[in-house]
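Just below is one structure, and these are the notes that go with it.
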Amino acid sequence: MNDNTIKEIQQIVLKFRDARDWRRFHHPKDLSMSIAIEAAELMELFQWKDTKDSIGNKEKIEEEFKKIINNPEFMQRINEELADVLIYCLFFADVLNIDIGEIIKMKIRMNETKHSLKESERKNKEADKVMAKVKMN
């Protein structure tokens, strides 16, 4: 695993962008649209995949993850689209002077309050009960 920090990766991306003088085209409106477009291209890779039997089922979902991970061509396409999304996110953060590490930590703190462990455990148990009933039918 590579130990590059978000800031180090962002510097690599910005160096690439700046060498091509692309920052002048990077209005937040256009970057936000580019993030959405690239995210849609990532979603397209999974379009029409049937997941109804795996949602909430730990074993089945792990099987599906393994099938994806063990498909090098599919993983390459996923990697490329995910990289595009992240690169545009780094550009977006740069033009608006957003510290990605700080906003992620802030959002996790907010989510810890919004989604307590106790509440998550309760909801997971409810979901397991529903899944058990569905399996029986």
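Listed values, structure above:
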quantity	calculated
Computed lengthening from residue 96 to residue 74, 0.36 nm per intervening residue step minus Cα-Cα distance	4.6 nm
Cross-link partners of residue 15 among lysines (Cα-Cα below 19 Å; sequence separation of 8 or more within a chain)	7
Of the DSSP H helices in the chain, those whose Cα atoms cover at least 30 Å axially and whose Kyte score averages -1.0 or more	72-95
Reported label for calculated mean projected area of the Cα convex hull in nm² given (i) 8.3; (ii) 9.7; (iii) 11.4	(iii)
Whichever aspartates and glutamates have a C-alpha closer than 17 Å to that of residue 66, once near sequence neighbours (fewer than 8 apart) are set aside	50, 53
Value of relative contact order over the chain, rounded to a whole percent, pairs C-alpha under 8 Å and six or more apart	36
Two-site label geometry, residue 107 and residue 119: point separation in nm, points 7 Å out along Cα→Cβ	1.8
Theoretical gain in end-to-end length, residue 134 to residue 32 [0.36 nm per residue, Cα-Cα removed]	32.7 nm
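Values quoted throughout were computed directly from the atomic coordinates according to the rules given, and no laboratory measurement underlies them. In this text the structure is predicted, and so the values were computed from the model without any measurement. Note that each Cβ is placed from the backbone with ideal geometry, even for glycine, and that neighbours are counted across all protein chains shown.
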